[in-house]
Amino acid sequence: MGRAFEFRKARKMKRWSAMAKTFTKIGKDIVMAVKEGGPNPETNSRLRAVIQNAKAANMPKDNVDRAIKKASDKDTANYKEVLFEGYAPHGIAILIETATDNNNRTVANIRSYFNKCNGQLGTQGSVEFMFDHTCNFRIPAEGQDVEELELEMIDFGVEEIFADEDGIVMYAPFESFGAIQKELENRGIEVLSSGFERIPQITKELTAEQVADVEKLLEKIEEDDDVMNVFHTMQE
């Protein structure tokens with residue numbers, strides 16, 4: 001198995017936010033997708049992907065429909081995607097994806113978390129290069145041959161493919177998302193979920209005490225309502 005498999009396995013074992021936080025994230029994704037490409041999922045591929053993820057997270061359809069309707073309102077504030085970079089204690093690089101309607105608030109909050117936990121908020125580009133920006137798709141395993149599918153999907157950018165208990169997962173570079181999504185739709189293959197991740201190129205092993213120091217900062221960051229995803233170079 002490759003690096004993407006190990007990364008996903010480690011993150012799956014880790015404690016993640018509660019269901020309410022997941023729904024909040026999806027709600028913001030819906031707003032950004034609708035503002036960008038309109039409320040019709042048939043003509044908005046980004047919105048189609050978000051709706052798939054909402055279904056995978058067991059978000060009620062009524063909630064999704066309300067979010068789309070609300071996002072279509074001109075008075076609804078749009079969210080801007082902002083990336084933050086920095087270092088936790090013990091030299092662990094951290095990459096934070098946020099979606100905010102008030103950048104000044106988000107910057108102040110993120111900076112305060114780093115300051116309180118002996119970390120350091122970095123400048124743009126200070127740690128992003130340490131991570132590979134990838135996209136991923138999960139499809140049903142039934143009726144699929146993983147090796148055959150891998151050979152067929154290489155031409156569309158897929159670099160790693162593997163099966164787990166929840167289906168088949170494909171990983172590719174960030175920029176291959178559209179081509180893979182279109183090909184899966186052309187083949188009539190159901191997409192259970194899709195998304196983007198930043199996989200650390202190198203991870204660092206820490207002692208139990210050092211891990212606790214880093215976890216303290218990660219928990220503060222993850223609890224922030226503007227934070228969508230957090231990635232780091234600590235070995236899990």
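Rolling a 1.4 Å probe over the heavy atoms of the protein chains gives the chain an accessible area of 54 Å² per residue. The packing ranking, built from the mean of other Cβ atoms within 10 Å per residue, places the peptides 45-55, 180-190 in the order 45-55, 180-190, highest first. The sum of -39500 (n - 2.57) across all DSSP H runs of n ≥ 4, divided by the residue count of the chain, sets its helix-only mean residue ellipticity at 222 nm to -13500 deg cm²/dmol.
In summary, the lysines within cross-link reach of residue 220, defined as a Cα separation below 29 angstrom excluding same-chain residues under 8 places away, comprise 9, 12, 14, 21, 25, 28, 55, 80, 116, 204. Sorted on the mean count of surrounding Cβ atoms within 10 Å across their residues, most packed first, peptides 166-178, 118-130 read 166-178, 118-130. Shown is the FRET efficiency for residue 164 and residue 208, computed with R0 = 30 Å from the Cβ-Cβ distance and rounded to the nearest 0.05: 0.60.
Spin-label model, residue 83/residue 155: points 7 Å from Cα along the beta carbon direction are separated by 3.1 nm.
Each other residue within a Cβ distance under 13 Å of residue 91 adds +1 if Lys or Arg and -1 if Asp or Glu, for a net charge of -1.
For the chain, the carbon plus sulfur part of the accessible surface works out to 49%, probe radius 1.4 Å. Distance between the C-alpha centres of the stretch 50-118 and the stretch 152-195: 25 Å, rounded to the whole angstrom.
Need one word for the stretch 85-152: rounded, prolate or oblate. Basis is the Cα gyration tensor (sqrt eigenvalues a ≥ b ≥ c); a/c below 1.5 gives rounded, then a/b vs b/c decides. Prolate.
Each Cα pair under 8 Å and six or more residues apart adds its sequence gap; the mean of these over the residue count of the chain is a relative contact order of 23 percent.
The values are calculated or read from the model by the stated rules, or taken from the named source; none is laboratory data. What you see is a predicted model; the values in this text were computed from it and never measured. Every residue, glycine as well, gets a Cβ built from its backbone with ideal geometry; the counts of neighbours run over all protein chains shown. Side chains included, ligands, DNA and RNA excluded: accessible areas come from the protein's heavy atoms. Shrake-Rupley method; radii C 1.70, N 1.55, O 1.52, S 1.80 Å.
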